[in-house]
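These notes are about the structure you will find just below.
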Amino acid sequence: MDLTIYPGTLSGSLRAIPSKSQAHRLLICAAFADGPTRLVCPQISEDINATARCLRALGAEVTRTEEGFSIAPAKTVPERADLDCGESGSTLRFLLPVTGALGVNGTFHLGGRLPERPLSPLWEEMERMGCRLDRPTANTLRCRGKLAPGEYTVDGGISSQFITGLLLALALIPGESRVRVTGQLQSRPYLAMTQKAMEAFGVGTEGLALTGEHRFRSPGELNVEGDWSNAAFFLAVNALGSRVEMEGLDPDSAQGDRAVERILPMLEGCPTIPAGDIPDLVPVLAVVAGAKHGAIFTQIRRLRLKESDRVAAVCALLRALGGRGEATEDTLTVYPCRYQGGVVDSFGDHRIAMAAAVAATVAQGPVTVLGAQCAAKSYPDFWRDFGRLGGRYEQHIRG
């Protein structure tokens, strides 16, 4: 599906969709708790559905309800399981060590660019601690064996998701365990989200250690908080002249992308913005920076390993609309411009498609987004909400 978006500002109020990052974590804790849990999560994305689907494969009863999810924990786990991760990196990186902790012979099915995204050093550490991993085909990953308690060492410079996966897994293994992080930890706020989610289920991880009795205990009912990552697109249009009021966002949230509120005013200048803790914000911040006075983004190396090579995709987006971005290995420089309109390839990346919509609000001519349906990966109703706020677009179905 392609969309042609016509220039024009947005206005109105919108409730933030539930946080994808928090929902992944709470679903996993609930699936292995000591009793049933209700999660208030009225909207779900393809990624959240992937985690729910995989937890069912591991024996949990995860039922979609009108208000969210009803989760009955796994009474027994299967000897073997097929886990369809779709294109969700969080699902794979969180549930791979969980499957190892349960001792399930699991086969993970990987879509999109997920087979290309890194699993080292998590792979090596899991093998050191009792599992055997292999790739039967280009799009599958197999995990056999069972993880042992003990000290796990992970370089934090690749992805905090590896640490999250290990913490969730170690809560399922009796005995004392610890995750020792080396190097410079990336996306630190996401690790804080994991620790907060585990604490909601009664498991402390102070110093990244799990000691004594550390089984997940159901809190009964929890609300999934509003998602700053996806709200960022509608906060960004406000920086370009729109008037959208976002509701349901926690100003004290542990979500790292809450930083968008602090960073957007900085784009009135030409700032240097470290992106190590906010990689998902770079596409939309780059679009705003291009329409303003430019910006320099540092610590962008990991953006090349997302649903697309986001560094190349952002540069292509800017170029397609008459702007300019230049990248080195770890720096992206965005130059000021006036967006002219044009055709933007989403590269199958939800954040590129939605960033293009932000640019379209101030472009001189229509912006066509190729593969616009990819927004559903994190925000299935994005285009509907964009239209409700006054965004004008035409949909084209490829034959």
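The values are calculated or read from the model by the stated rules, or taken from the named source; none is laboratory data. Treat the numbers as computed from the prediction; the structure is a model and nothing was measured. Please note: Cβ atoms are built from the backbone with ideal geometry, for glycine as well, and neighbour counts cover all protein chains shown.
Checking the structure you have, find out if any residue of segment 72-94 is free of Cβ contacts under 8 Å to residues at least 24 places away in the same chain and either over 20 Å from the mean Cα position of the chain (by Cα) or surrounded by fewer than 18 Cβ atoms within 10 Å (Cβ to Cβ) (or both). Break it down into steps so the answer makes sense when it comes.
Quick first cut of segment 72-94, residues free of Cβ contacts under 8 Å to residues at least 24 places away in the same chain only: 75-76.
The next check asks that each one be either over 20 Å from the mean Cα position of the chain (by Cα) or surrounded by fewer than 18 Cβ atoms within 10 Å (Cβ to Cβ) (or both); those that pass are 75-76.
Yes - at least one qualifying residue is present in segment 72-94.
The lone criterion from (1) buried (at least 19 other Cβ atoms within 10 Å of the Cβ); (2) of a type in the set (A, V, I, L, M); (3) over 29 Å from Thr153 (Cβ atoms) left unmet by Leu210 is number (3).
Could you tell me whether segment 333-345 includes any residue that is touching a Ser or Thr at 6+ places or on another chain (Cβ under 6 Å), hydroxyl-bearing (Ser, Thr, Tyr) and farther than 23 Å from Lys20 by Cβ?
no
Regarding Pro279, is this residue at pLDDT below 95 and either touching a Leu at 6+ places or on another chain (Cβ under 8 Å) or β-branched (Val, Ile, Thr) (or both)? Judged against the criteria, Pro279 is a match.
Tell me which residues, restricted to segment 259-276, are within 18 Å of the chain's Cα centre (by Cα) and either at pLDDT 95 or above or among the aliphatic types (A, V, I, L, M) (or both). Give the derivation first.
Applying the first criterion (within 18 Å of the chain's Cα centre (by Cα)) to segment 259-276 yields 259-260, 275-276.
Correct list: Ala259, Val260, Ala275.
Identification of strands (runs of 3 or more DSSP E) wholly contained in segment 77-161 with 2 or more residues that are in contact with a strand residue (DSSP E or B) (Cβ under 6 Å, 6 or more places away or on another chain) and hydroxyl-bearing (Ser, Thr, Tyr) yields 151-155. Applying the criterion of being among the aliphatic types (A, V, I, L, M) and outside any helix (DSSP H, G or I) to the residues of segment 268-319, the residue that is surrounded by the fewest Cβ atoms within 10 Å (Cβ to Cβ) is Ile296.
In segment 230-256, which residues are in a helix (DSSP H, G or I) and at pLDDT below 95? Working first, answer last.
Taking segment 230-256 and keeping what is in a helix (DSSP H, G or I), we get 230-239, 256.
Result: Gly256, single match.
Restricting attention to segment 326-358, the residues being touching a Leu at 6+ places or on another chain (Cβ under 7 Å) and either surrounded by fewer than 20 Cβ atoms within 10 Å (Cβ to Cβ) or on the phi > 0 side of the Ramachandran plot (or both) number 5. Going through (1) crowded, with 20+ Cβ neighbours inside 10 Å; (2) in contact (Cβ under 8 Å) with a residue 40 or more places away in the chain one by one, Glu247 falls short only on (1). Among the residues of segment 331-388, those identified as in contact with a Lys or Arg (Cβ under 8 Å, 6 or more places away or on another chain) and among the aliphatic types (A, V, I, L, M) are Val334, Ile352. In segment 162-190, the residue that is farthest from the chain's Cα centre (by Cα) out of those that are in a helix (DSSP H, G or I) and either outside the structural domain of Ala30 (by TED's automatic domain parsing) or within 15 Å of Cys29 (Cβ to Cβ) (or both) is Leu170.
Considering Gly323, Gly256, which residue is touching a Pro at 6+ places or on another chain (Cβ under 6 Å), surrounded by 17 or more Cβ atoms within 10 Å (Cβ to Cβ) and of a type outside the set (A, V, I, L, M)? Please lay out each step first, then the result.
Details: Gly323 fails: touching a Pro at 6+ places or on another chain (Cβ under 6 Å).
After ruling out the rest, the residue left standing is Gly256.
Counting residues in segment 321-332 that are in the same structural domain as Pro366 (by TED's automatic domain parsing), in contact (Cβ under 8 Å) with a residue 12 or more places away in the chain, within 18 Å of Phe347 (Cα to Cα) and under 18 Å from the mean Cα position of the chain (by Cα) gives zero.
Kindly indicate whether Ala356 is out of contact with any Gly (no Cβ under 9 Å at 6 or more places or on another chain), under 21 Å from Asn230 (Cβ atoms) and assigned by TED's automatic domain parsing to the domain that holds Val288.
Numbers: out of contact with any Gly (no Cβ under 9 Å at 6 or more places or on another chain): yes; under 21 Å from Asn230 (Cβ atoms): yes; assigned by TED's automatic domain parsing to the domain that holds Val288: yes.
Spelling it out, Ala356 is indeed out of contact with any Gly (no Cβ under 9 Å at 6 or more places or on another chain), under 21 Å from Asn230 (Cβ atoms) and assigned by TED's automatic domain parsing to the domain that holds Val288.
Residue check: is Arg142 more than 23 Å from Leu208 (Cβ to Cβ), surrounded by fewer than 21 Cβ atoms within 10 Å (Cβ to Cβ) and either in contact (Cβ under 8 Å) with a residue 40 or more places away in the chain or among the charged types (D, E, K, R) (or both)? Answer is yes for this residue.
Filtering segment 94-143 to residues that are among the charged types (D, E, K, R) and modelled with pLDDT under 95 leaves Arg113, Glu116, Arg117.
Condition check: under 30 Å from Gly391 (Cα atoms), among the small types (Gly, Ala, Ser) and in the same structural domain as Phe201 (by TED's automatic domain parsing). Does Gly112 satisfy that? It is true that Gly112 is under 30 Å from Gly391 (Cα atoms), among the small types (Gly, Ala, Ser) and in the same structural domain as Phe201 (by TED's automatic domain parsing).
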